[in-house]
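Q: Structure provided below as structure tokens; questions to follow.
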Amino acid sequence: MTDAAPLVFDRPLLRRRLARAARLGPEPFLLERAAEDVADRLAAVKRRFETAVDLGTPTDALARALAGHAAVGRLFRAAPGQGAAPPAVVADEEALPFADGALDLVVSALSLQTVNDLPGVLAQVRRALKPDGLFLAALLGGSSLTELRQAFAVAESETTGGLSPRVAPFADVRDLGALLQRAGFTLPVTDVDRVVVRYGSPFSLFSDLRRMGGTNALLERRRVPMRRATLLRAAEVYAERFADADGRVRATFEIVFLSGWAPHESQQKPLRPGSAQMRLADALGAREVPLPPGGVRED
């Protein structure tokens, strides 16, 4: 992790929350959806990756989705704890133990949104990939749980007279695309799957988040138990503002998919400016109208 990276997440606490979720019986629907989508996207790549790493995925959902996948040879799981099924490597997403150019493929599902230095992680992944190696990941994006953010903002302002961080500040899809380029990936692609889940009450959502290991792990969180009045008011605001006609409430999860390739001479490259062999007007069959002096034309 670079010295300049701000510390946003309490990573040891996050691991404890994930371990608690495993003991409670995890709620897998969102992670399994992301893992299946990663596997489907990989199937569209017509080549084989002999050495692959599943980076930080909280459960074995992605490993199961890729089991027997035609594109994947040997898949290792890299996770901070000892609970990963073999073959596994004990590793933190922010300090990869892989040599430069050691991997053909790195995949990840719903893990990288909680690293403190995402640019640094992406740069490490890029270095660990062989030339023409592929990085493919799914992580939560900036619009996730927007309803919950708004409900807690209103509840805290009314019951405590101020606000404290409650929901993680996930990255915007446009920023993530720029980070891929900054890390040195070629042919970067980002796209979004917005998942709207309906619950019988806000408390059902709270329970699911606890069983996902997704409760508040921000370093700047308030270090005292939440007031009962704040929680109840947040649930009221949530139900008032985000309920459908049948009384069920909505929760939005934004899954952002990232892909990028380690540079290789065989990859497509943009044409050199001025190298076009045909004018755009000729290609479109249109009449070219030159601009008058000053560059402004009035109709």
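Q: Solvent-accessible area per residue for segment 41-139 at a 1.4 Å probe radius, Å²? Each step should come with its number before you reach the end.
A: Details: 3720 Å² over 99 residues.
Per residue, segment 41-139 has 38 Å² of solvent-accessible surface.
Q: Run through every distinct alpha carbon pair of segment 1-53 and return the Kirkwood hydrodynamic radius in angstroms, one decimal place. Don't jump to the answer; show the numbers that get you there.
A: On the way: mean 1/r = 0.0682 Å⁻¹.
Here the Kirkwood hydrodynamic radius works out to 14.7 Å.
Q: Could you compute the FRET efficiency for residue 89 and residue 239, with r as their C-beta to C-beta distance and R0 at 51 Å, rounded to 0.05? Display every interim value, and only then the final one.
A: Working: r = 45 Å, r/R0 = 0.87.
So, using R0 = 51 Å, E works out to roughly 0.70.
Q: Could you give the C-alpha radius of gyration of segment 118-243 expressed as a fraction of 2.2 N^0.38 Å, taking N as the number of residues it contains? Walk me through the numbers on the way to the answer.
A: Details: Rg = 18.2 Å, N = 126, 2.2 N^0.38 = 13.8 Å.
Relative to the 2.2 N^0.38 Å estimate, segment 118-243 comes out at 1.31.
Q: Another question, then. Distance in nm between label sites at residue 265 and residue 70, each 7 Å beyond Cα in the beta-carbon direction?
A: About 3.1 nm, to one decimal.
Q: I've got another one for you. Using the beta-carbon distance between residue 174 and residue 221 and R0 = 30 Å, what value does 1/(1 + (r/R0)^6) give for FRET efficiency, to the nearest 0.05? Could you put the intermediate results ahead of the total?
A: Numbers: r = 27 Å, r/R0 = 0.91.
About 0.65, to the nearest 0.05.
Q: Can you put 264, 69 in order of accessible area, largest first, using a 1.4 Å probe? Present the calculation step by step, with values, prior to reporting the outcome.
A: On the way: 264 70, 69 30 Å².
Greatest to least solvent exposure: 264, 69.
Q: Using +1 on the beta carbon of Lys and Arg, -1 on that of Asp and Glu, and nothing else charged, what's the dipole of segment 19-146 about the Cα centre, debye to 20? Working shown, then result.
A: On the way: 13 positive and 15 negative charges, 48 e Å.
It comes to approximately 240 debye.
Q: R0 = 25 Å: FRET efficiency of residue 194 with residue 157, Cβ-based, nearest 0.05?
A: Values: r = 27 Å, r/R0 = 1.09.
Efficiency at R0 = 25 Å is approximately 0.35.
The values are calculated or read from the model by the stated rules, or taken from the named source; none is laboratory data. Please read these numbers as outputs of a predicted model, since none were measured by experiment. Positions of Cβ are backbone-derived with ideal geometry, glycine not excepted, and every protein chain shown enters the neighbour counts. Surface areas here come from the heavy atoms of the whole protein model, side chains and all, with no ligands, DNA or RNA. Shrake-Rupley method; radii C 1.70, N 1.55, O 1.52, S 1.80 Å.
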